[in-house]
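J.: Pasting a structure here, questions to come.
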Amino acid sequence: AMLDPDSGLSLTIARIVQRLQGSSLHSQLERQARVSLHKPEIKLESLKEDIKGFLKTSGWEKKLQNAVYSELSVFPSPCHPAAPPEHMKEPLAYMRKAQGSWEKRILKSLNSMCTELSIPLAQKRPVSEQKELLNKWNEMGTDEPDLSLFRPVYAPKDFLEVLMNLRNPNYENGEQPSFRNHLGLIQVPLKVKDIPELKEDFSELGLNIGQLGIDDSAQVPPEFFENEHVCVGQKVLAEQDSAAAQQYVRQGCPTALRADLWALILNISNQPEDILYYEQLKSNVIQHDLLVDSLIYKDVKLTASNDDYYFVFEDYLYQVLLCFSRDTSVLEHFTYSSATPPKSYIRGKVGMEEYAVFYPPNVNYNSFILSVAPLCFLYHEPSKLYQIFREMYVRFFFRLHSISSHPSGIVSLCLLFETLLQTHLPQLFYHLREIGAQPLRISFKWMVRAFSGYLATDQLLLLWDRILGYNSLEILAVLAAAVFAFRAVNLMEVTSLAAAE
């Protein structure tokens, strides 16, 4: 049920106030307010107004606005007060159930790996090993442990199988006439946008609007678009306004400004306490050995070391991912994610809650590296790189590997992709389906990795500009469909999945 706007607003305000109260921004604001009491321009008789005025002129009000904006971007709008809490995670019961059984399957795979290799999920490292790891922290890539026995927890095609088998139990055999003619692999009736709605939502991508990455190419004199766009970008940065930055990057980010603009949109400032937090995660990595460490290690070796662009960042990747696997603040995103953090039990204590530890929430995704590597081009300071990645994960990337009905969730993206293709290129769609090359079998891995590993880095960053700018992953499905449209003539001539690939 929809809330009336006023009570919805007051719920949102209450929640944001509550979330900001525990933050470091709150204590900084208090400190600033106290400091301002000694300033001559602050008068006792107009104390409240004067302090407000001071916080405004000294830039603190802007910081508060950005923090509020950041909360609004991440958290869903509040449910009806009577709705059960799991509705905030995922309103459709069958989606919650499917996500639950997928998580069980992943944990089972992990636990059986532990048993096979007789390695615990987590153990304290011996002191000698701790020292060694600390010494080679910046050159972990030189290690060559034998990881042949470790296997990825799952491959994208396993996940696609699960999504293809999703059914809404209320629609027996697809009774809904509008849905019966969907010939794609995804068989659940979710509302996805059609072209007119997409045109409206992504209006800044209209053909009459300048785009960085296209209109700064040789055919157009650069001074027309690029120079002006760069000037505007510098103004946005000077203003330090997250909302303006988000609007700005919809037309693409100038390379020189991207790192700062993204940090502004994600509201990351790399304060001393953030650096300290990163150091604490690092010491946790040094002290404890997790099974997931070996999986991360193997994944980086397989992915980054063989990649012409990314091998130089190998050490950064280990640092960020090993720290991420220890980060309990990531658990917060499970309040609005259909997923539940995996728990594992200390050996011999299965089912006893006091012996349960949250197992890293990010072990269930075996191409994580590809979502960190592109960020290494932008951020060279490990704690900042780490914070940006974590924020990108809890805002966007987790949606690509959990089952939900969210418009940016992977199920909706698959359905949007298939619907666009079936509606606008029906002949191509039929042809590929007939030869056993269902288009989604090809595009799924592009979308699930947000195109990382499939586009050159400069192009990938221009795509991610738009993800940040629109606070949505829908653009991934649109791009995937566009690639098929672009290749349609050639695809009409292929006769097998391998040839289509």
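The values are calculated or read from the model by the stated rules, or taken from the named source; none is laboratory data. No experiment lies behind these values; they were computed from the predicted model shown. Please note: Cβ atoms are built from the backbone with ideal geometry, for glycine as well, and neighbour counts cover all protein chains shown. The protein model used for the area step is the full one, side chains on, heavy atoms only, and it has no ligands, DNA or RNA in it. Shrake-Rupley method; radii C 1.70, N 1.55, O 1.52, S 1.80 Å.
J.: Counting Lys +1, Arg +1, Asp -1, Glu -1, what net charge surrounds Glu197 among other residues with beta carbon under 12 Å of its beta carbon? Kindly include the intermediate steps, with their values, before the conclusion.
T.: Details: positive: Lys191, Lys193, Lys199; negative: Asp194, Glu200, Asp201, Glu474.
Here the count lands on -1.
J.: Past the 26 Å Cα-Cα mark, which pairs from Lys108/Lys445; Lys39/Lys235; Lys97/Lys199; Lys199/Lys235?
T.: Details: Lys108/Lys445 24 Å; Lys39/Lys235 30 Å; Lys97/Lys199 34 Å; Lys199/Lys235 28 Å.
Flagged as over cut-off: Lys39/Lys235; Lys97/Lys199; Lys199/Lys235.
J.: Could I ask something else about it? Tell me the GluC sites (Glu not before Pro) within the range 6-78 that lie in a loop according to DSSP and have at most 13 other beta-carbon atoms within 10 Å. Please report the intermediate quantities before stating the final value.
T.: Values: sites: Glu30, Glu41, Glu45, Glu49, Glu61, Glu71; in loops: Glu41.
Sites meeting the loop and neighbour criteria: Glu41.
J.: Okay, moving on. What is the P(r) of the range 439-493, as percent of Cα-Cα pairs per 10 Å bin from 0?
T.: 24, 53, 21, 3
J.: Hey, with R₀ at 41 Å, roughly what FRET efficiency would Ile13 and Tyr309 work out to, going by the Cβ-Cβ distance, to 0.05? Could you put the intermediate results ahead of the total?
T.: Details: r = 44 Å, r/R0 = 1.08.
My answer for the efficiency is 0.40.
J.: Now for a different question. Taking amide H atoms as placed 1.01 Å from N in the peptide plane, list the residues 5 or more away in sequence, or in a different chain, whose amide H sits under 5 Å from that of Asp289.
T.: Amide H neighbours of Asp289, under 5 Å, 5+ apart: Gln123, Lys124, Arg125.
J.: Separation between the Asp194 and Ala256 pseudo-spin-labels, each 7 Å from Cα along Cα→Cβ, expressed in nm?
T.: 4.6 nm
J.: If you don't mind, there's one more thing I want to ask. Multiplying the sequence separation of His26 and Asn165 by 0.36 nm and subtracting their Cα-Cα distance, what value in nm do you get?
T.: Here the answer is 45.4 nm.
J.: What distance in nm separates the two pseudo spin-label positions at His424 and Glu139, each 7 Å out from Cα along the beta-carbon direction?
T.: For the pair His424/Glu139, the computed spacing is 5.1 nm.
J.: A further question on this structure: Using the Karplus curve 6.51 cos²θ - 1.76 cosθ + 1.60 with θ = phi - 60°, work out ³J(HN,Hα) for each residue of the range 233-243 in order, rounded to whole Hz, and write x for Gly and Pro.
T.: Those phi angles translate into x, 5, 5, 4, 5, 5, 6, 6, 10, 4, 5 Hz.
J.: Contact order normalised by length for the chain, with contacts defined as Cα pairs under 8 Å and 6 or more residues apart; what percent is it? Intermediate results must be reported in sequence, preceding the final value.
T.: Details: 521 pairs, mean separation 97.2, N = 501.
Relative contact order, the chain: 19 percent.
J.: If you average the C-alpha positions of the range 375-413 and of the range 269-342 separately, how far apart do those two centres end up, in angstrom?
T.: That distance is 13 Å.
J.: Computed FRET efficiency, Cβ-Cβ of Lys235 and Thr495, R0 45 Å: what is it to the nearest 0.05? Don't skip to the end; give the middle numbers.
T.: Details: r = 55 Å, r/R0 = 1.21.
FRET efficiency, Lys235 to Thr495: 0.25.
J.: Of the listed peptides 99-110, 377-388, 124-135, 243-254, what is their order by residue-averaged count of other C-beta atoms within 10 Å, with the highest listed first? Write down the numbers at each step before the final one.
T.: Numbers: 99-110: 16.1, 377-388: 19.8, 124-135: 12.2, 243-254: 21.8.
Top to bottom by mean Cβ count within 10 Å: 243-254, 377-388, 99-110, 124-135.
J.: For the chain, which whole percent of the accessible surface, found with a 1.4 angstrom probe, sits on carbon and sulfur atoms? List each step's numbers first, then the result.
T.: Details: 14260 of 25120 Å².
Accessible surface attributable to carbon and sulfur in the chain totals 57 percent.
J.: Less than 15 Å Cβ to Cβ from Leu375, Lys/Arg counted +1 and Asp/Glu -1: what total charge do the surrounding residues give? Spell out each step's value before the answer.
T.: Values: positive: Arg258, Lys384, Arg390, Arg395, Arg449; negative: Asp260, Asp307, Glu314, Asp315, Glu381, Glu391, Asp458, Asp465.
Within the 15 Å Cβ shell, the charges total -3.
J.: Determine the sum of side-chain charges near Thr457: Lys and Arg each +1, Asp and Glu each -1, restricted to other residues whose C-beta is under 12 angstrom from that of Thr457. Could the numbers behind the result be given before it?
T.: Values: positive: Arg258; negative: Asp307, Asp308, Asp458.
After counting each charged neighbour, the total is -2.
J.: How long are the three semi-axes of the equivalent ellipsoid of the range 256-341, in whole Å, if each is the root of 5 times an eigenvalue of the C-alpha gyration tensor, listed from largest down? Mind dumping the intermediate values first?
T.: Working: eigenvalues 99, 84, 47 Å².
Semi-axis lengths for the range 256-341 are 22, 20, 15 Å.
J.: Straight-line reach from Lys124: which lysines have a Cα under 16 Å away, not including same-chain ones fewer than 8 places off?
T.: Excluding near neighbours in sequence, the set is Lys282.
J.: Output the Cα-based Rg and Dmax of the range 5-78 in Å, rounding Rg to one decimal and Dmax to a whole number.
T.: Cα only, the range 5-78: 14.5, 43 Å (Rg, Dmax).
J.: Specify, per residue and in Å³, the volume enclosed by the convex hull of the alpha carbon atoms belonging to the chain. Display every interim value, and only then the final one.
T.: On the way: hull volume 102.1 nm³, N = 501.
Looking at the chain, the number lands at 204 Å³ per residue.
J.: Treat each spin label as a single point 7 Å out from the Cα along the C-beta direction, and report the Ile209 to Ser148 distance in nm.
T.: 5.5 nm
J.: Considering only protein heavy atoms, what per residue accessible area in square angstrom results for the range 5-78 with a 1.4 angstrom probe?
T.: On the way: 4890 Å² over 74 residues.
Per-residue value: 66 Å².
J.: Relative contact order for the range 5-78: what is it in percent, counting Cα pairs under 8 Å that are at least 6 residues apart?
T.: On the way: 24 pairs, mean separation 30.3, N = 74.
About 41 percent, as a whole number.
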